[in-house]
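Rule-based calculations on the coordinates, nothing more; no lab input. Please read these numbers as outputs of a predicted model, since none were measured by experiment.
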Amino acid sequence: MMHLKQQDNDDIEVVDIIERVRQASRKLPEQNLSFLLENAYKVIARSEKVIDSQEKRIRNLQNLLTKDELTGLTNRRGFMENFAREIDRTNRDQSQGGLLLMIDLDDFKIINDTFGHMAGDIALKAVADFLYNEVRDMDTAARLGGDEFLILMPDTSSKQAELRTNILKNRMNELSFFWQGKTIGIKGSLGMKDYKKGDTLEDILKDVDSALYKNKDKKRSTKPL
C-alpha cells in the first residue's frame, strides 16, 4: 500500500510540475524553467522505479502461486491454468491439439523408506531437472504432487508426440543419483493421452490417469518374483 500511495503522490507531483512549467513558460526566465523541468524529470524517474519494483513483486507473487517449491517446476495450479488455456486454443482452432503425458515414479516409497526423505527429494529434483531440459519452450512440465509429474505438449501431432514420448521414456529410465556412497536408479511409468478439438480437460485427465495405471499394472504383472 505504501508503494501505491507513493506512486499516486509522485503522479500528482509530476502533473503539478508540468502544469507549473506550462503556466510559467511565458513569464519565467529560461534558468527557472530549466530548474522546473529538471525536477519533473527526477520525479518521473522515481515513479518509474516504483513501478518497476511493483512489477517485480507481482511476478514474485505469481511464481509463488504457480511454481512447485521443491522442484521449481510448474505446480498443479499453474499447470491447470496453462492446460485450460491450451484447451481453449484448441477449441478455437488456434492449435491442432497435442499430448498430455503423466509420469509416476516406480518404487519411490522404497527410496524414501530405505534412504530417507532427503534422498527422495533429490530423486524428485533429478526428475524435475531432466524434464525441464527435455521439454520445448512451448511445453509445460509440472509436478502434480508427490512423485507424479505432467508434461503438456501443445500443438503436436500424434506421430511427433509418440516419437518424443519414447525418447523421453528411455532417457528417464536411465536416470540415477548418488547418495551416501550409493548410486540409486530412478524408474518411472508413463501414461499418455492425445487431445483434439472438442475434448474436455476433465476427460483428458481421467484418460491419462487410467493409461498411467494400466502401464504400472502391466509392469507389476511382468516383474520377476
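Computed from backbone phi with θ = phi - 60° and the Karplus coefficients 6.51, -1.76 and 1.60, the 3J(HN,Hα) list for region 138-153 is 7, 7, 10, 9, 9, 9, 6, x, x, 10, 9, 10, 10, 10, 9, 10 Hz; x is used for glycine and proline. The value of relative contact order for region 119-180, using C-alpha pairs under 8 Å at least six residues apart, is 36 percent.
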